[in-house]
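So the structure is just underneath, and the comments pick up after that.
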Amino acid sequence: MRVIGLMSGTSHDAIDAGAVDLALEGDCLRLTPLGVISRAYDDGLRAALTAALPPSPTTLADVCALDTRIGRAFAAAAAEADRELCDGRAELIASHGQTVFHWVADGQVHGTLQIGQPAWIAEATGLPVVADFRPRDVAAGGQGAPLVSLFDQLWLRGRPGTPVALNLGGIANITAPDGTAFDTGPANALIDVAVRELTPQGRTQGLAYDRDGAIAARGTVHGGLLARLLAEPYYALPAPKTTGKELFHAAYLREALAGYAPSTTEGPMSPQDVVATLTRLTAVTVADAVRSVRATEVVASGGGIRNPTLLAMVRQELGPDVPVRGSDELGLASAAKEAYAFAVLGFLTVHGLPGTVPASTGARHASVLGSITPGRAGLRLPGGTEAVRAPTRLVVNGYTH
């Protein structure tokens, strides 16, 4: 089955559309990557989305408008991916949508909201669309995240030792072979805020992230500020746990910086120092999480792996005994991995197969995920009536462990 997965993460900068051919062969799910396209949100849409995210106030009118505008943007990306990557022969779209709120209280997720109305995607492509993946796991008592844990387990099964998948998006998360999976804390979320609000490049030139880690590389880590940030209670919570920009946002960073006085040995703190310290925060919290599951190898993906300063810090924190490699080395382009993962989840849904690992999300049971919007042919699902069993491993064509 030819499936297009659509993903926009917590950095909310672009839509990734990854196309794959998927085939179930007994208990093996065989994945052939067909490529990925990435389309940035236009400046107006990204600004409107940023303005509506917590802790900013918003209105239902704003949410409705964003749901439509993001849905249309996803629809355009899906149609383009079908033309360019699938020769117009895609059979299914799986859309994660754009997370705008994850309702967490007292360690429990009570609700989650992803927008980007799938009807626009179905109308533009004529294909059935699986969307709204997270709420079913939340309804079953789970965290609704990280949902890529099933994909990671299937994909890394068979590698020696204890391989751990690491995603460095706005928020970082890991998946271990035993099913342990959780958000470790911010990856790029606070770094991006500091670049936008504190650096000259961000304030006057609109730079939204630390390109190539260049700003952090010019800064010095302030130990006092790092200790203050590491005192965040989230890091001490047991897994499963999830977090997002509901916690790690601009106001959070401003509060952390307010009243902070560097020691005399540290000297004055520049914007570059803040970015370097936040980069070290990500590295420390990621390394702590990786050590907690006794990993022997880290396979990283997400936008953060394009930041060599961050990766160098992660490697430094973990030491030489735990190698860190990009998912590209294992056959999956790092920029496409999450889009591919949601393509797999959509494939499982239309075959009536669960897409969650209860040990990863804390749910009472595994669930078939998502809601389905019919395509032009009505509710005829590709492959949905076949009698199949759940895969126990995923093989990427053209790559062998």
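Observations on the structure shown:
- All Cα-Cα separations within segment 164-218 were binned at 10 Å from zero, giving a P(r) of 24, 39, 22, 12, 2, each value a whole percent of the pairs.
- Solvent-accessible area, 1.4 Å probe, carbon plus sulfur percent, for segment 1-88: 53 percent
- Here the Karplus relation 6.51 cos²θ - 1.76 cosθ + 1.60, evaluated at θ = phi - 60°, turns the backbone of segment 234-242 into coupling constants of 4, 5, 8, 5, x, 7, x, 8, 9 Hz, with x for every Gly and Pro.
- Accessible area of segment 339-381 belonging to carbon and sulfur atoms, whole % at 1.4 Å probe: 56 percent
- Rounded to the nearest 20 debye, the dipole size of segment 1-137 about its Cα centre is 120 debye, using +1 on the Cβ of Lys and Arg and -1 on the Cβ of Asp and Glu.
- Burial ranking of peptide ranges 183-191, 73-81 (average Cβ count within 10 Å, highest at the top): 183-191, 73-81
- Among Leu53, Leu156, Leu147, residue whose mean-square fluctuation peaks in a GNM of the chain (springs only between Cα atoms under 10 Å): Leu53
- With viscosity 0.692 mPa s and temperature 37 °C, the Kirkwood radius over alpha carbon pairs of segment 133-185 converts through Stokes-Einstein to a diffusion coefficient of 282 µm²/s.
- Fraction of the pair-distance distribution of the chain above 35 Å, Cα-Cα pairs, percent: 23 percent
- Segment 94-140, relative contact order [Cα under 8 Å, separation at least 6], %: 41 percent
- Amide H contacts of Trp103 (H built 1.01 Å from N, under 5 Å, at least 5 apart or other chain): His110, Gly111, Thr112, Leu113
- Overall dimensions of segment 29-125, expressed as equivalent-ellipsoid semi-axes from the Cα gyration tensor (√(5λ), whole Å, largest first), are 28, 17, 12.
- Gaussian network model of the chain, Cα within-10 Å springs - most flexible of Asp132, Asp87, Asp288: Asp87
- Global geometry of segment 79-160, whether rounded, prolate or oblate, following the gyration tensor of its Cα atoms and the 1.5 cut on a/c: oblate
- With protein chains left intact and a 1.4 Å probe, residues in the chain average 40 Å² of accessible area per residue.
- Beta bridge orientation in segment 88-135: antiparallel %, DSSP, nearest 5: 70 percent
- Peptides 41-52, 296-307, 238-249 ranked from most to least packed give 296-307, 238-249, 41-52, packing being the mean of other C-beta atoms within 10 angstrom over each peptide's residues.
- Mean separation of Cα contacts under 8 Å (6+ apart) over length of the chain, as relative contact order %: 25 percent
- Span-like helix criteria (full DSSP H runs; alpha carbon extent of at least 30 Å along the helix axis; mean Kyte-Doolittle hydropathy of at least -0.5) are satisfied in the chain by 60-86, 271-292.
- Evaluated at q = 0.20 Å⁻¹, a Debye calculation over the C-alpha positions of segment 296-401 (equal weights, vacuum) places log10 I(q)/I(0) at -1.15.
- Among Thr125, Thr373, Thr58, the largest mean-square fluctuation in a Gaussian network model of the chain (Cα springs under 10 Å) belongs to Thr58.
- Amide H contacts for Lys241 (H built 1.01 Å from N in the peptide plane; partners 5 or more residues away or on another chain; cut-off under 5 Å): Asp183.
- Apportionment of accessible area to carbon and sulfur, segment 143-289, percent (1.4 Å): 56 percent
- Calculated from backbone phi, Karplus (6.51, -1.76, 1.60) coupling profile of segment 16-33 in Hz, x at Gly/Pro: 9, 10, x, 9, 9, 9, 10, 9, 8, 10, x, 9, 10, 9, 9, 10, 10, x
- For Leu207, the amide hydrogen comes within under 5 Å of the amide hydrogens of Gly202, counting only partners 5 or more places away or on other chains and with H modelled in the peptide plane.
- DSSP beta bridges confined to the chain are antiparallel in about 65 percent of cases.
- Descending semi-axes in whole angstrom, ellipsoid equivalent of segment 243-350, from the Cα gyration tensor: 32, 19, 13
The values are calculated or read from the model by the stated rules, or taken from the named source; none is laboratory data. In this text the structure is predicted, and so the values were computed from the model without any measurement. Note that each Cβ is placed from the backbone with ideal geometry, even for glycine, and that neighbours are counted across all protein chains shown. For the accessible areas, the whole protein counts, side chains as well, though only heavy atoms, and no ligand, DNA or RNA atoms are used. Shrake-Rupley method; radii C 1.70, N 1.55, O 1.52, S 1.80 Å.
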